[in-house]
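All of the numbers you see were taken from the coordinates with simple rules; none came from a lab. All figures in this text were calculated on a predicted structure; none of them were measured in a lab. All Cβ positions, glycine included, derive from the backbone under ideal geometry; neighbour counts span all protein chains shown.
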Amino acid sequence: MIQILIVEDDYRIAEIHSGFIEHLDDVNLVGKALNGKEAIAFANKYTIDLVILDLYIPDISGLEILEELRKIQSDMDAIIISAASEKNMIQRTVRRGVFDYMIKPIKQERLIESMKRYQLFNERFNNEETISQHFLDNHFGLKRHIEVEEQRTPKGIDPLTLNKIKKMIDQTEDGVAAEKMGENIGVSRTTARRYLEYLTSLGEIKADLAYGAVGRPERRYYRI
């Protein structure tokens, strides 16, 4: 169960936000604080996993509130919902390790999506003995970026095969010929060469001629 505190000086907006998160399972709203003093009092009384915080609070700034709350409960996470859109303010806030930042006014779907990501992150994090690169790529959005890039490959270039070829080139210091590449990943020499030439055209690898003791020179591919 995720324990949530809302810190918002406008009571009507606080009610709206609390109404949004009521649609979620396994969350509990600890309370709604209208100012920094109330927020600190809640933190001293209850365990709080996540604070949904406005930055424009009359008695104490939102960033100061976050610092004070983390002095009481150091592992408290934060989602910012604020009208603050100044670059400097957002930069300072992001550097304090907030989970998400939303600029008012927000839609219900946006907050629900953020909360579900937070729930999923916590569930997976708590169930993992060690943290994998795959887990981190998912969390920081790199996996989605990779998937988008994979979708851009031209016809006849399979993303999975392309990744296999990239990995093999990374593991080969002396370069690799198309025939050897094909043998290692289970495709024909012609297919392997098509992929290698594609990577060459992108500038990710380079090709050069290797002269052996006998026979014609061999075209080999190297990581740049």
| GluC sites (Glu not before Pro) restricted to segment 98-139 and DSSP loop, no more than 11 other C-beta within 10 Å | Glu128, Glu129
| query | Per residue of the chain, what 222 nm ellipticity follows from adding -39500 (n - 2.57) for every DSSP H run with n ≥ 4, rounded to the nearest 500? | reply | -15000 deg cm²/dmol
| remark: When the chain is treated as a Gaussian network with springs between alpha carbons less than 10 Å apart, the largest mean-square fluctuation among Ser82, Ser201, Ser74 is found at Ser201
| query | Under a plain spin-label model, where a point goes 7 Å from the Cα along Cα-to-Cβ, how far apart in nm are Met1 and Ala83? | reply | 3.6
| message | Please compute the contact order of segment 153-223 in relative form: average sequence separation of alpha-carbon pairs under 8 Å and at least six residues apart, divided by the residue count, as a percent. | response | 31
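If you stretched the chain out fully between Glu183 and Tyr46, how much longer would it get, using 0.36 nm times the residue separation minus the C-alpha to C-alpha distance?
Value of the extension gain: 43.1 nm.
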| message | Taking every pair of distinct Cα atoms and averaging 1/r, then inverting, what Kirkwood hydrodynamic radius in Å comes out for segment 153-223? | response | 12.2
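Find the relative contact order for segment 71-208 and round it to a whole percent, using C-alpha pairs within less than 8 Å whose residues are 6+ positions apart.
11
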| message | Please list, in order along segment 175-188, the HN-Hα scalar couplings obtained from phi with the Karplus expression 6.51 cos²θ - 1.76 cosθ + 1.60 (θ = phi - 60°), rounded to whole Hz, x for Gly and Pro. | response | x, 9, 8, 4, 5, 5, 4, x, 4, 6, 9, x, 10, 6
| request: Average the reciprocal distances over every distinct pair of alpha-carbons in segment 2-129, invert the result, and give the Kirkwood radius in Å. | output: 14.6
| field | Evaluated over segment 173-214, the Cα radius of gyration and Dmax, each in Å | value | 10.8, 32
| request: Subtracting the Cα-Cα distance from 0.36 nm times the residue separation, let me have the gained length for Asp75 to Val94 in nm, one decimal. | output: 5.2 nm
| request: Just the Kirkwood number for the chain, please: inverse of mean 1/r across all distinct Cα pairs, in Å, one decimal. | output: 21.5
| field | Pairwise centroid distance, computed over Cα atoms, of segment 167-224 with segment 83-130, Å | value | 44
| In percent, how large is the relative contact order of segment 2-129, given Cα pairs closer than 8 Å and 6 or more residues apart? | 23
| task | Sticking with the crude label model, points 7 Å out along Cα→Cβ, report the distance from Glu68 to Asn138 in nm, one decimal please. | result | 3.8
| query | Applying the Karplus parametrisation 6.51 cos²θ - 1.76 cosθ + 1.60 with θ = phi - 60° to the phi angles of segment 114-131, what ³J(HN,Hα) value in whole Hz is obtained for each residue in order, glycine and proline being reported as x? | reply | 5, 5, 5, 5, 5, 4, 5, 4, 5, 4, 5, 4, 6, 8, 9, 6, 10, 9
| Over segment 65-146, how many percent of alpha carbon pairs lie in each 5 Å bin up to the one with the longest distance? | 3, 12, 18, 21, 23, 15, 6, 2
| Proximal aspartates and glutamates relative to Lys104, as straight alpha-carbon distance under 18 Å, when same-chain residues fewer than 8 apart are discounted | Glu8, Asp9, Asp10, Glu15, Asp54, Glu86, Glu113
| Separation of the Gln119 and Tyr56 label points, Cα + 7 Å toward Cβ, nm | 3.1
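Given the pairs Lys32/Lys87; Lys155/Lys180; Lys116/Lys167; Lys71/Lys116; Lys45/Lys116; Lys107/Lys166, which are separated by over 31 angstrom at their Cα positions? Present the calculation step by step, with values, prior to reporting the outcome.
Working: Lys32/Lys87 28 Å; Lys155/Lys180 24 Å; Lys116/Lys167 34 Å; Lys71/Lys116 26 Å; Lys45/Lys116 26 Å; Lys107/Lys166 42 Å.
Too far apart for the 31 Å limit: Lys116/Lys167; Lys107/Lys166.
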| task | Take the chain, connect every pair of alpha-carbon atoms lying under 10 Å apart with a spring to form a Gaussian network, then pick out the residue of Ile16, Ile81, Ile205 with the largest mean-square fluctuation. | result | Ile205
| query | Of Lys45, Lys167, Lys104, which has the largest mean-square fluctuation in a 10 Å C-alpha GNM of the chain? | reply | Lys167
